[in-house]
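The values are calculated or read from the model by the stated rules, or taken from the named source; none is laboratory data. This structure is a prediction, so every number in the text was calculated from the model and none was measured. We place every Cβ from the backbone using ideal geometry, glycine too, and count neighbours over all the protein chains shown. Side chains are part of the model used for accessible areas, which takes the heavy atoms of the whole protein and leaves out ligands, DNA and RNA. Shrake-Rupley method; radii C 1.70, N 1.55, O 1.52, S 1.80 Å.
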Amino acid sequence: MNKNKSTARAHPNIALIKYWGNLDNELRLPANSSLSFSLSALVTQTTVQFDDQLTADQVVIDDLPANDSASRRVNLHLDRIRQLADIKTYAYVESKSNFPSGAGIASSASAFAALTLAACSACNLQLDLRALSRLARQGSGSASRSIFGGFVVWHTGKTDAESYAESIADKDHWPVVDLIAIVNASHKTVGSSEGHLLAETSPLQAIRIADATRRLEICRQAIVDRDFNALASIVELDSNMMHAVMMTSKPTLLYWSAATIEIMKTVLRLRHEGLDICYTIDAGPNVHCICIREDAKAAHDILKKIPGVVDVLESPPGGGAITLDR
Ligand code: DP6
């Protein structure tokens, strides 16, 4: 007898070379390849149960019924999986993350990686990791990377089959730490999905994309060589280039707050003083400060004291998505 219920866990990831803008928004084929590592301390756990009695998908996120747009996005993703599995049954979905959703940390990567794995497993759809990554990508681009553990590259591509992620180094390859300086953002931000649609409106996006393969290769080599100086300059350049595109989009996307800039300046000063640390920023005001493990304690203490920083989360690289069924 086939099972109809499964639970999976996945970690969010921090992109060192960013995904911003799609060649195909429907399939989420990214305009450039990206590179990230998964964050072991942060986790989303999702249970999917297909049930013949249901007349619609039911989605609960962090103990509350999901709002309309989140429900719709989950429903669309389950439709993709139902189509592959050739079933029509609706599902009950319960998802929980151990990091505060109000903190503005992109949770769609871990959410759609866990959802993809749990749903495929619950309807007995046997897919290899590459196929899971392609499927997760259609739910949320960065989720394609969260299927894998350690340091991960997600390839751009002209077709669905060509755009998938793969691991380039194990989580233990390099003991780096992501210190996420959480900034108290009172303003509402524009979500990544909306942001990707605006990338093309910036005159800088074409330049950013044309140079992306070069940046990714430098970043990949810095990881292989465990060369922090090389990593720091390319990671900050890539983040700055993405934010330059955001700031020059129509309408303007400005994610930084005063505290964001204060943290960036502090990171630059600390590096000048000899700490191995650099910054990278996603679609929000929080700053991911990447440092080597030996410098994490000192950096954590300094970041915590910056006015406007309400919390500092800390995570080393983690593993890939897994099912918890026995
Ligand atoms: C700035 O993967 O959240 O974090 O595909 O619409 O779900 P959707 O977007 P998402 O975009 C992530 C953007 C980013 C950079 C990155 O993680 O590469």
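Listed values, structure above:
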| item | result |
| --- | --- |
| Residues located in segment 37-49, provided they are surrounded by fewer than 24 Cβ atoms within 10 Å (Cβ to Cβ) and over 21 Å from Ser167 (Cα atoms) | Gln45, Thr47, Gln49 |
| Residue that is of a type in the set (Gly, Ala, Ser) and touching an Asp or Glu at 6+ places or on another chain (Cβ under 7 Å), where the choices are Ala258, Ala296, Ala283, Ala244 | Ala296 |
| Residue in segment 297-313 that is open to solvent by 10 Å² or more (accessible area, probe 1.4 Å), closer than 21 Å to Leu16 by Cβ and either of a type in the set (D, E, K, R) or assigned to a loop (DSSP other than H, G, I, E, B) (or both) present | no |
| Output for segment 38-48, where each listed residue is among the aliphatic types (A, V, I, L, M) and more than 16 Å from the ligand (Cβ to nearest atom) | Ala41, Val43, Val48 |
| Filter result (within 8 Å of the ligand (Cβ to nearest atom) and either β-branched (Val, Ile, Thr) or surrounded by 24 or more Cβ atoms within 10 Å (Cβ to Cβ) (or both)) within segment 7-27 | Asn13, Ile14, Ala15, Ile17, Lys18, Tyr19, Trp20 |
| Residue that is within 30 Å of Arg293 (Cβ to Cβ) and either open to solvent by less than 10 Å² (accessible area, probe 1.4 Å) or within 19 Å of the chain's Cα centre (by Cα) (or both), where the choices are Met242, Met246 | Met242 |
| Close pairs from segment 299-325: first aromatic (Phe, Trp, Tyr), partner open to solvent by 40 Å² or more (accessible area, probe 1.4 Å), Cβ under 9 Å, at least 6 apart | none |
| Asp51 being within 15 Å of Ser107 (Cβ to Cβ), among the acidic types (Asp, Glu) and more than 9 Å from the ligand (Cβ to nearest atom) | no |
| Which numbered condition Ala56 misses (of (1) within 28 Å of Ser315 (Cα to Cα); (2) away from the ligand (no atom under 16 Å from the Cβ); (3) small (Gly, Ala, Ser)) | (1) |
| Filtered residue count, segment 57-71, keeping only those that are in contact with a helix residue (DSSP H, G or I) (Cβ under 8 Å, 6 or more places away or on another chain) and under 29 Å from Asp160 (Cα atoms) | 4 |
| Residue satisfying all of: in segment 88-102; surrounded by fewer than 18 Cβ atoms within 10 Å (Cβ to Cβ) and small (Gly, Ala, Ser); nearest to the ligand (Cβ to nearest atom) among these | Ser101 |
| Counted residues, segment 217-265 - those being within 22 Å of Pro307 (Cβ to Cβ), touching a helix residue (DSSP H, G or I) at 6+ places or on another chain (Cβ under 8 Å) and among the hydroxyl-bearing types (Ser, Thr, Tyr) | 1 |
| Filter result for the condition that a residue is away from the ligand (no atom under 11 Å from the Cβ), surrounded by fewer than 17 Cβ atoms within 10 Å (Cβ to Cβ) and part of a helix (DSSP H, G or I), over Glu166, Glu194, Glu200 | Glu200 |
| First in segment 161-176 and within 11 Å of Ser36 (Cα to Cα), second anywhere and part of a loop (DSSP other than H, G, I, E, B) and β-branched (Val, Ile, Thr), Cβ under 8 Å, 6 or more apart | Ala165/Ile147 |
| Check on Leu35, out of contact with any strand residue (DSSP E or B) (no Cβ under 7 Å at 6 or more places or on another chain) and within 11 Å of the ligand (Cβ to nearest atom) | no |
| For Asp238: the one exception among (1) outside any strand (DSSP E or B); (2) more than 13 Å from the ligand (Cβ to nearest atom); (3) in contact with a Leu (Cβ under 9 Å, 6 or more places away or on another chain) | (2) |
| Subset of segment 249-292 (residues that are of a type in the set (S, T, N, Q), crowded, with 17+ Cβ neighbours inside 10 Å and assigned to a loop (DSSP other than H, G, I, E, B)) | Ser249, Ser257, Asn286 |
| Residue ID - nearest to the chain's Cα centre (by Cα), chosen from residues in segment 57-86 that are open to solvent by less than 50 Å² (accessible area, probe 1.4 Å), of a type in the set (A, V, I, L, M, F, W, C) and farther than 21 Å from Ile322 by Cα | Ala70 |
| Residue list for segment 108-137, filter: near the ligand (Cβ under 9 Å from one of its atoms) and open to solvent by 30 Å² or more (accessible area, probe 1.4 Å) | Ser108 |
